[in-house]
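Have a look at the structure below before the remarks.
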Amino acid sequence: FGPAVEVEYRSILLPLTEHAITDEMTVTALRLAAESGTKLIALYPIQVPLDRPLADPMAEESERAEHELREAAALGSQYGVSVITRIVRTRNVGEAIVDEARRRGSEIIVLGAEQRQRGGEKMFGRVIDYVLRNADCRVMVGTPALG
């Protein structure tokens, strides 16, 4: 074992949802950003159903997104981290996350996930699976503690 390598990030992407695990991952991402002295991009993807136009206001979802992003920005100020907030309407949430990470040159995507059981195997959902398969950067996935 050699000395630990300290990783510093210049751009961290944090996709947000209303799930409780997202709160834990927000704190994790803010700590990483504070340690690296970098910015945090908080992204709230709104999935638009195929039967609605992408420009549909989706007022309830937009209001929820704005609330979550305001909370992330407020928490960021407590950590001394600049938080850039962005809402994106999309048909494919995983694709929107990967595209935003590429566009921003993010070195890491920090995600929270609820674990699912299928046939005794722990799995993530389609969004995280897509991000893990397609991201050009590191991906950190946090799950709630079992038990």
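Just the number please: accessible area per residue for the chain, 1.4 Å probe, all protein chains included, in Å².
The answer is 60 Å² per residue.
Just the number, please: percent antiparallel of the DSSP beta bridges in the chain, rounded to the nearest 5.
The answer is about 15 percent antiparallel.
Could you work out the pair-distance distribution P(r) of the chain from its alpha-carbon pairs, with 10 angstrom bin width and percents rounded to whole numbers?
Pair shares across the bins are 11, 39, 35, 12, 1, 0.
Kindly write out, for the range 99-106 in residue order, the coupling ³J(HN,Hα) from the Karplus curve 6.51 cos²θ - 1.76 cosθ + 1.60 (θ = phi - 60°), rounded to whole Hz, with x marking Gly and Pro.
Residue by residue, the range 99-106 yields 4, 5, 4, 5, 4, 8, x, 5 Hz.
Per DSSP H run of at least 4 residues, take -39500 (n - 2.57); add these up for the chain, divide by its residues and hand me the 222 nm value, nearest 500 deg cm²/dmol. Spell out each step's value before the answer.
On the way: 4 runs with 59 residues, N = 147.
Using -39500 (n - 2.57) per qualifying helix, the result is -13000 deg cm²/dmol.
Going by accessible area, probe 1.4 Å, with all protein chains left in place, what is the ranking of Asp51, Asp56, largest first?
If we order Asp51, Asp56 from most to least accessible, we get Asp51, Asp56.
May I ask you to give the percent of accessible area on the chain that is carbon plus sulfur, with a probe radius of 1.4 Å? Mind dumping the intermediate values first?
On the way: 4230 of 8860 Å².
Of all accessible area on the chain, carbon and sulfur atoms account for 48 percent.
Treat each spin label as a single point 7 Å out from the Cα along the C-beta direction, and report the Glu8 to Arg102 distance in nm.
The modelled label-to-label distance comes out at 2.8 nm.
Just need the relative contact order of the chain here, percent rounded to a whole number, with Cα pairs under 8 Å and 6+ apart.
28
Along the Cα→Cβ direction, 7 angstrom out, place labels at Asp51 and Ala74. What is the inter-label distance in nm?
With each label point 7 Å from Cα toward Cβ, the separation is 3.6 nm.
Pull up all non-local amide H partners of Tyr44: gap of 5 or more, or a different chain, and H-to-H distance under 5 Å with H placed in the peptide plane.
Leu16, Arg86, Ile87, Val88
The values are calculated or read from the model by the stated rules, or taken from the named source; none is laboratory data. Source: prediction; values computed, not measured. Neighbour counts run over all protein chains shown; Cβ positions are idealised from the backbone, glycine included. Heads up: the accessible areas ignore ligands, DNA and RNA and are worked out on the full protein's heavy atoms, side chains in. Shrake-Rupley method; radii C 1.70, N 1.55, O 1.52, S 1.80 Å.
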